[in-house]
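Data first, discussion second: the structure below is written as structure tokens.
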Amino acid sequence: MNTRTRTTLVVFSHPFELKGVDRTLPPGEYRVVTDEQLIEELSFPVYRRISTMIFVPGMSGTASTEMVTIDPRDLQAAQDRDKAAHASSAATS
């Protein structure tokens, strides 16, 4: 089985909540890792997502980091809320 890993950075301008994380996360850059597996039965390369994880600051307040498995749709919803909050705060300035 062939797998590949994609890493992206997402940026939040406001504190946000995400399913799978039991606390509000601060604004900042977050590394998101997606593992995908090659579907080998096809005549052209197609990958399906196996898992998506985000690296968040640890709860202890130290320099620790936690890796949390998330649903990419929940991440997109959190990004959409952040963009809407950014747009509304820019409109009131």
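Bear in mind these aren't lab numbers, they're just calculated from the coordinates by the rules spelled out. It should be emphasised that the depicted structure is a prediction, and the values quoted were computed from it without experimental measurement. Counting neighbours? That spans all protein chains shown, and the Cβs are built from the backbone with ideal geometry, glycine included.
Brief remarks follow.
- Comparing Leu75, Leu38, Leu25 in a Gaussian network model of the chain (Cα springs below 10 Å), the most mobile by mean-square fluctuation is Leu38.
- Shown for Phe12, Phe44, Phe55: other C-beta atoms within 10 Å of each C-beta, ranked fewest to most, produce the order Phe44, Phe55, Phe12.
- Panel note: the C-alpha atoms of the stretch 6-85, placed on their principal axes, show extents of 48, 30, 18 Å (largest first).
- By other beta-carbon atoms within 10 Å, ranking Thr5, Thr52, Thr34 with the fewest at the front produces Thr5, Thr34, Thr52.
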